[in-house]
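Colleague: Let me begin by handing over the structure; questions about it come next.
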Amino acid sequence: FPPEFPALHWHGDTFSIPEGGAHLASSTACENQAFSYDEERIVALQFHLEETEKSLSLLADYGSGELIPDTWVQSAEQILAPDAPFSACSEMLFDLLDRMTAKTEPEPLA
């Protein structure tokens, strides 16, 4: 991931990094945004990279009751704005998955 990037957050909870986990990302709003475990074969993300225009629209429709104005809460209009920065997130997701797959491909059988 780049040192800084906008990502969607839709949560009120957080987590502690398990023993043996490597802290990967934080933000002003949430100290533990990502960690890896087991030599980077497991990656946990607090933020969302998987959203699409359709999934964001559904989330905003069905979860609108959770969008209570606050410091870190955006309105549905902001989340769904044409210039919302979340479209680049799917590229980061696929890059992450490609890298993880490349690291964990099994050795060919003899």
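Colleague: Using protein chains only and a probe of 1.4 angstrom, how many square angstrom of Leu80 are accessible, to the nearest 10?
Modeller: 70 Å²
Colleague: Top mean-square fluctuation among His11, His23, His48, Gaussian network model of the chain, C-alpha springs under 10 Å?
Modeller: His11
Colleague: Still on this model: If I stretch the segment between Ser75 and Leu58 completely, what's the gain in nm (0.36 nm per residue apart, minus their alpha carbon distance), one decimal?
Modeller: Net length gain for the segment: 4.7 nm.
Colleague: By the scheme Lys and Arg +1, Asp and Glu -1, what is the net charge of all other residues having a beta-carbon under 14 Å from that of Asp61?
Modeller: -3
Colleague: Also, quick follow-up: In the calculated pair distance distribution of the stretch 1-66, what percentage of Cα-Cα distances lie above 16 Å?
Modeller: 53 percent
Colleague: Radius of gyration and Dmax for the chain's Cα atoms, expressed in Å?
Modeller: Cα only, the chain: 16.1, 59 Å (Rg, Dmax).
Colleague: So, in nm, how far is label Leu45 from label Phe5 when the simple model puts each one 7 Å beyond its Cα toward the Cβ?
Modeller: 0.8 nm
Colleague: In Å², and per residue, what accessible area does the stretch 54-97 have when probed at 1.4 Å with the other protein chains present?
Modeller: Result: 72 Å² per residue.
Colleague: Let me ask something additional. Taking 0.36 nm per residue of separation and subtracting the Cα-Cα distance, what length does fully extending Asp95 through Ala22 add?
Modeller: Full-extension gain reported as 24.3 nm.
Colleague: Follow-up. Counting only protein heavy atoms and a 1.4 Å probe, tell me what percentage of the stretch 1-89's accessible area is made up of carbon and sulfur.
Modeller: 51 percent
The values are calculated or read from the model by the stated rules, or taken from the named source; none is laboratory data. What you see is a predicted model; the values in this text were computed from it and never measured. Cβ atoms come from the backbone with ideal geometry, glycine included; neighbour counts cover every protein chain shown. The protein model used for the area step is the full one, side chains on, heavy atoms only, and it has no ligands, DNA or RNA in it. Shrake-Rupley method; radii C 1.70, N 1.55, O 1.52, S 1.80 Å.
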